[in-house]
Amino acid sequence: MTDDLQYQIRRDMGNSQIRIDDGKISAISLTEFGESNWIRMPSQFLIKNDGQSLMRLIDSVYPNLRNSYRNNTYLKERAILAPKNGDVDKLNDKMLSMLLGQSRTYMSADTFCNTEGDMSADTFCNTEGDIVENMNPPEMLHSFNFPRLPNHFLELKEGTLIILLRNLNQSEGLCNGTRLVVTRMGDKVLEAEVITGSNIGDLELIPQISLTPQSARTPFQLKGDNFL
């Protein structure tokens, strides 16, 4: 997709959004007697849903990714939003495979948080107060995916775009949502360059941190040592 075509699509999409906000696009109903509360999207804004749809989406947002991902301005001006973490994982895996260089995989250290201080590491309490013993096989712990907690496996390359999920150091501009680019990868720490916010260009060290997400859907607490 050429730059002129991308500019035209963004301009047309912006004009369509303005017309929707102004109520100048007629709403439609999906059923014979349903309410007219749907908008038909112009076909030029849609990506065909087939075996190549993921690649088309990436190409439309990140054209010429392999030759441009070292450009921080290119990266910070673009983003793909997805409704589910599973969709994000697919996008990340595909885009990471398109980057040059050797990847490195980091794995979290997951454990149950005991709710009673005198309990052993092999037991935990559920919300009813019952003791469940020997319920912490690593495979089960690593399979849990909690909101706002990274997955067990984190694969990175130098030049990978990352985003912070927690406030790490607000005075240094390391806040929830800050975008950075990985510059070096150590065993327990990442070096990354800030590309958004008030500290653009700063090199920061991102350590592994113990996180304990709160979820009303689970009867226990899980602690994971992850990169943010």
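Can you name the residue in segment 17-50 that is of a type in the set (Val, Ile, Thr) and in a helix (DSSP H, G or I) and, of all such residues, is surrounded by the fewest Cβ atoms within 10 Å (Cβ to Cβ)?
Filtering first and then ranking leaves ILE18.
The rows are residues; the columns are (1) modelled with pLDDT of 85 or more; (2) touching a Leu at 6+ places or on another chain (Cβ under 7 Å); (3) closer than 16 Å to LEU156 by Cα; (4) in a strand (DSSP E or B).
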{"site": "ASN176", "(1), (2), (3), (4)": "yes, yes, no, no"}
{"site": "THR183", "(1), (2), (3), (4)": "yes, yes, yes, yes"}
{"site": "ALA192", "(1), (2), (3), (4)": "yes, yes, yes, yes"}
{"site": "THR196", "(1), (2), (3), (4)": "yes, no, no, no"}
{"site": "GLY201", "(1), (2), (3), (4)": "yes, no, no, no"}
{"site": "ILE209", "(1), (2), (3), (4)": "no, yes, no, yes"}
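Scan segment 161-174 and report the pairs whose first residue is on the phi > 0 side of the Ramachandran plot and whose second residue is part of a loop (DSSP other than H, G, I, E, B) and β-branched (Val, Ile, Thr), with Cβ atoms within less than 9 Å and a gap of 6+ or a chain change.
Partner pairs satisfying both residue conditions: GLY173/THR196; GLY173/ILE200.
Can you tell me how many residues in segment 52-91 are closer than 14 Å to VAL181 by Cα and not aliphatic (A, V, I, L, M)?
Looking only at that region, the number is 10.
Across segment 51-64, which residue is farthest from GLU193 (Cα to Cα) among those that are assigned to a loop (DSSP other than H, G, I, E, B) and open to solvent by less than 40 Å² (accessible area, probe 1.4 Å)?
Result: PRO63.
Among all residue pairs at least 6 apart or on different chains, which show Cβ distances below 6 Å where the first residue, located in segment 34-46, is of a type outside the set (A, V, I, L, M) and the second is open to solvent by 100 Å² or more (accessible area, probe 1.4 Å)?
Between residues of segment 34-46 that are of a type outside the set (A, V, I, L, M) and residues that are open to solvent by 100 Å² or more (accessible area, probe 1.4 Å), the close pairs are TRP38/LEU30.
Within segment 70-85, how many residues are touching a residue at least 60 places away in the same chain (Cβ under 8 Å), among the aliphatic types (A, V, I, L, M) and open to solvent by 80 Å² or more (accessible area, probe 1.4 Å)?
Within segment 70-85, residues that are touching a residue at least 60 places away in the same chain (Cβ under 8 Å), among the aliphatic types (A, V, I, L, M) and open to solvent by 80 Å² or more (accessible area, probe 1.4 Å) number 0.
Go through (1) within 30 Å of VAL194 (Cα to Cα); (2) among the polar types (S, T, N, Q); (3) surrounded by 13 or more Cβ atoms within 10 Å (Cβ to Cβ) for ASN67 and report which single condition fails.
(3)
The values are calculated or read from the model by the stated rules, or taken from the named source; none is laboratory data. All of these numbers come straight from a predicted model, not from anything done at the bench. So basically every Cβ, Gly included, is an ideal-geometry build from the backbone, and we count neighbours across all protein chains shown. When the accessible area is computed, the model is the full protein with side chains, heavy atoms only, and any ligands, DNA or RNA have been set aside. Shrake-Rupley method; radii C 1.70, N 1.55, O 1.52, S 1.80 Å.
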